[in-house]
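Here the structure is laid out as structure tokens; the discussion comes afterwards.
The values are calculated or read from the model by the stated rules, or taken from the named source; none is laboratory data. Keep in mind that this is a model prediction, so the values were computed, not measured. So basically every Cβ, Gly included, is an ideal-geometry build from the backbone, and we count neighbours across all protein chains shown. Note: accessible area is taken over every heavy atom of the protein model, side chains too, but ligands, DNA and RNA are not part of it. Shrake-Rupley method; radii C 1.70, N 1.55, O 1.52, S 1.80 Å.
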Amino acid sequence: MSHVIIGTAGHIDHGKTALIRALTGIDTDTLPQEKDRGVTIDIGFAYWKDDVTIIDVPGHERFVKNMVTGVCTVDLALFVVAADDGAMPQTREHLGILNLLGVRRGVVALNKVDLVEPDWADLVVEDLRDLFDGTFLDGAPIVPVSAVTGEGIERLGQWLEEEIGKVEARPDGGVFRLPVDRVFSVRGFGTVVTGTVLSGRVRAKDVVMLQPADQAVRVRGVQVHGRDVETARVGHRAAINLADVEVDQVARGDLLAQRGYFSSTYMLDARLRLLKDAPTSLKNRARVHLHLGPRDVLARVVLLEADELRPGESQLVQFRLEERGVAARGDRFVIRRYSPVQTLGGGVVLDAQPVKHRRFREDTLERLRGSEVEDPTHVLGLRLKASGFRAHPARDLAAALGLSLSETDDRLQDLLDTGAAFGFRHAGEDVYVHTDSWQALLTRITEAMSIYHRVNPLKAGVSHSELRPRVEGRPPAGIFERAIDHLLSEKALFSAGSLLRLADHRIRFSGDQGRIREEILALLQAGSAAPPDLNEIGVQLAQDAAEVHAVAAAMQAMGEIVRLEENLVFPPRTLEEIEQGLVSFLQRNREMSVSAFRDLVGTTRKYAVPLLNHFDNKGVTVRKGDVRVLAG
């Protein structure tokens, strides 16, 4: 059987602590102030049987935040109402909080029946049935008891045992996580924290992260129910002895978590519902107390769907936190009015690491509504889709969803099998994007190429570095290069050296450009080994230099001319003829000087040196001192 946490709830002085003492023999009021005042101020704990912990919470309205701390991890509520008072303000507030936190089962103890007549107790029961209508306590057993006389205590224990048997095991994502609800120091051991293990497991000698400080700490020892154990698992109330951290460096609301998960955040996306009897509506950007488990932070509520949230209504929201918080998808929370402090509502975290949203964006609202389902595979797909061109490794996705790496791998494989995700290797690891984003990237690259060719009809192609900024959404380099490789393999793109072009792209000259092209070829061929350079051609043709250079670049890309220097170009046929004469000379004479080459081809030094450098680079000749010899 898994460990079960029972949490008390109810109005001040309705006998919660006395009832726990009658059930377990343990007094949960341990603070001197509690003893003096007879009021539970902070949460207390009692062990009942080997696998049940009872958490005693304060009922006074001044200590409701401590009450939220106590019940944020309970499986079963022990709801206490005094028969002589009936339902009181904190009775209703605690009921609302338990509903908001998703508690599903409970037993109601009608305490102090020794102080009232049976008929009066019957009337209180009827009132409670009306109060519980539509809540998690609708139909729950109501057990008359007296913590003073012991009346009904045995029967209450039987009802609790019956309900405990119906409690569903906590889902375990496999990643260790424990919200800290108490911190203290033990002589000879140092810092000790307590809390309920929400998922995963922890062992002595484990190194875990203390969040939101993002500090690595070592686990010295683990206790459950006051006994040393090797491992604390999901559902256990555990005491963890920590090394490498002082007691004043840890606070209630901090989180112990497996390394690599649960980064701190200043924003949360959530579904927020106001209580039907909330004292006020909520305006956009209202300041509230946000209770994330045992952590209480101030936050602004950005309403994403409307300008106002009324009692009984729900809405998608984004919390903007005033200090760092830590949460995971699926966490329950409660909000209280900033001033006066009153419980307003609560809900469920949908994304613990969101980007800042603009209000009323339908794509954002559609994604958040889709993430409210329980299916992790579906939510993972939405996460990938929302990331656009940003590819994520499995570890980042696991951290965002609070899942173990193995479960995340399984969910990703489901998405790959159904064609909803696309994976590839980048920087030594597998990364993933949504298939829609991948297909959109391929389309946008080809569209950018098409536009480039249309605007630059004389250019043979575009470099990788020049193309990426032209793609809508400017994809990251890793996925961009992977998409280029895919398009090349599919023959949608072709590569010529460092340039990319569409498969059907051909350089196209306008009428005037065609004439310039023909005249350039004629002048170059007529010039033989001493042709005019491009600047001289521009003057001879009375054409704009930029236009001549553009046409020449296109001719070079088409192989019609070869560029030796910035302005010096030759027809390929002329270079072949010069090369044949050069090789023939060297076969007879073994070496050639610059002046001999100049005389051989009938040119000047302006052309001789660039030509010889060209043949050196081509591997025809090798320079040795002031002469050239045949290569090889």
> Of the accessible area of the chain, with the probe set at 1.4 angstrom, what percent is carbon plus sulfur?
Replying inline: 46 percent
>> Using the Cα centre of the stretch 223-271 as origin and beta-carbon charges of +1 (Lys, Arg) and -1 (Asp, Glu), tell me which of 243, 224, 256 is placed farthest towards the positive end of the dipole.
In response: 224
>> Under the 0.36 nm per residue contour assumption, what length would be gained going from the current alpha-carbon distance of residue 50 and residue 605 to full extension?
In response: 189.8 nm
> P(r) of the stretch 145-219 in 5 Å steps, Cα pairs, percent per bin?
Replying inline: 3, 11, 14, 17, 11, 10, 12, 11, 7, 3, 0
>> Just to confirm the number: angle between the C-alpha axis of helix 545-557 and the first principal axis of the chain, 0 to 90 degrees, nearest 10?
In response: 80 degrees
> Distances over 47 Å make up what percent of all Cα-Cα pairs in the chain?
Replying inline: 41 percent
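Could you check how many percent of all C-alpha pairs in the stretch 278-391 are farther apart than 23 Å? Intermediate results must be reported in sequence, preceding the final value.
Details: 1894 of 6441 pairs.
That tail contains 29 percent of the Cα-Cα pairs.
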> Which one of 428, 379, 418 has its Cα pushed farthest toward the positive end of the charge dipole of the stretch 369-459, where Lys and Arg give +1 and Asp and Glu give -1 at the Cβ?
Replying inline: 428
> Once the dipole of the chain is set up with Lys and Arg at +1 and Asp and Glu at -1 on Cβ about the Cα centre, which of 136, 48, 446 lies farthest towards its positive end?
Replying inline: 446
>> Within the stretch 470-496, name every residue whose backbone N is under 16 Å away from a label modeled 7 Å from Cα of residue 455 along the Cβ vector.
In response: 470-475
> Placing +1 at every Lys and Arg Cβ and -1 at every Asp and Glu Cβ, with all other atoms neutral, what dipole size does the chain have around its Cα centre, in debye to the nearest 20?
Replying inline: 2360 debye
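State the three equivalent ellipsoid semi-axes of the stretch 443-569, derived from the C-alpha gyration tensor as the square roots of 5 times its eigenvalues, in descending order and whole Å. Can you show the working numbers first?
Values: eigenvalues 221, 38, 31 Å².
Semi-axes from the Cα gyration tensor: 33, 14, 12 Å.
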> In square angstrom, rounded to the nearest 10, how much accessible surface does residue 481 have for a 1.4 Å probe?
Replying inline: 70 Å²
>> Using just the Cα positions, wrap the stretch 231-306 in a convex hull and report its mean projected area in square nanometres, one decimal place.
In response: 8.1 nm²
> What angle, in degrees between 0 and 90 and rounded to the nearest 10, separates the Cα long axis of helix 511-527 from the longest principal axis of the Cα atoms of the chain?
Replying inline: 50 degrees
> Each residue of the stretch 6-16 in order: what ³J(HN,Hα) in whole Hz does its phi give by Karplus 6.51 cos²θ - 1.76 cosθ + 1.60, θ = phi - 60°, with x for Gly and Pro?
Replying inline: 9, x, 7, 7, x, 5, 4, 6, 8, x, 5
>> For the stretch 147-241, which trypsin sites (Lys or Arg not before Pro) pass both filters: DSSP loop (anything but H, G, I, E, B) and at most 12 other C-beta atoms within 10 Å?
In response: 166, 187, 205
> What percent does the relative contact order of the chain come to when contacts are Cα pairs within less than 8 Å and at least six residues apart?
Replying inline: 7 percent
> When only C-alpha pairs under 8 Å and at least 6 residues apart count, what is the relative contact order of the stretch 198-357, in percent?
Replying inline: 22 percent
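Distances longer than 16 Å among the Cα atoms of the stretch 347-416: what percent of all pairs is that? Write down the numbers at each step before the final one.
Numbers: 1127 of 2415 pairs.
Within the stretch 347-416, distances greater than 16 Å cover 47 percent of Cα pairs.
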>> Compute the angle between helix 572-589 and the longest alpha-carbon principal axis of the chain, please, reported from 0 to 90 degrees and rounded to the nearest 10.
In response: 70 degrees
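Too long at a 27 Å Cα-Cα cut-off: which of 205/356; 49/166; 283/385; 16/49; 16/166?
On the way: 205/356 39 Å; 49/166 17 Å; 283/385 31 Å; 16/49 19 Å; 16/166 23 Å.
Flagged as over cut-off: 205/356; 283/385.
By how many nm would the segment from residue 24 to residue 214 grow when fully extended, if each residue of separation counts as 0.36 nm and the alpha-carbon distance is taken off? Don't jump to the answer; show the numbers that get you there.
Working: separation 190, 0.36 × 190 = 68.40 nm, distance 3.85 nm.
The span from residue 24 to residue 214 would gain 64.6 nm if fully extended.
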>> What lysines does residue 491 reach when the alpha-carbon gap must be under 26 Å and sequence neighbours fewer than 8 apart in one chain are set aside?
In response: 459
> Where the only charges are on Cβ atoms (+1 Lys, Arg; -1 Asp, Glu), what is the dipole of the stretch 462-539 about its Cα centre, to the nearest 20 debye?
Replying inline: 300 debye
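Pop the C-beta distance of residue 521 and residue 481 into the FRET formula with R0 = 30 Å and round what comes out to the nearest 0.05.
Between residue 521 and residue 481 the formula returns 0.20.
Relative contact order of the stretch 489-627, please, whole-number percent, based on alpha carbon pairs below 8 angstrom and at least 6 residues apart.
On the way: 112 pairs, mean separation 24.8, N = 139.
Relative contact order comes out at 18 percent.
Nothing charged except the Cβ atoms of Lys and Arg (+1) and of Asp and Glu (-1): what's the magnitude of the dipole of the stretch 148-259 about its Cα centre? Round to the nearest 20 debye. Don't jump to the answer; show the numbers that get you there.
Working: 16 positive and 16 negative charges, 83 e Å.
Dipole magnitude for the stretch 148-259 comes out near 400 debye.
Send over a whole-number figure in Å² for the accessible area per residue of the chain, probe 1.4 Å. It would help to have the intermediate numbers written out before the result.
Numbers: 29180 Å² over 632 residues.
Each residue of the chain exposes 46 Å² on average to a 1.4 Å probe.
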> Taking only the alpha-carbon atoms of the stretch 477-632, what semi-axes of the equivalent ellipsoid follow from 5 times the gyration tensor eigenvalues under a square root, in whole Å, largest first?
Replying inline: 33, 24, 12
> Put 629, 229, 197 in order of accessible area, largest first, 1.4 Å probe: what do you get?
Replying inline: 229, 629, 197
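In the stretch 463-504, what trypsin sites (Lys or Arg not before Pro) fall in a loop by DSSP, with at most 16 other Cβ atoms inside 10 Å?
Numbers: sites: 470, 482, 491, 501; in loops: 491.
The qualifying sites are 491.
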> How big is the stretch 393-446 in terms of Cα radius of gyration and Dmax, in angstroms?
Replying inline: 12.0, 38
> For all pairs of alpha-carbon atoms in the stretch 68-121, what percent lies in each bin of width 5 Å, listed from the first bin to the last filled one?
Replying inline: 4, 19, 27, 20, 15, 9, 5, 1
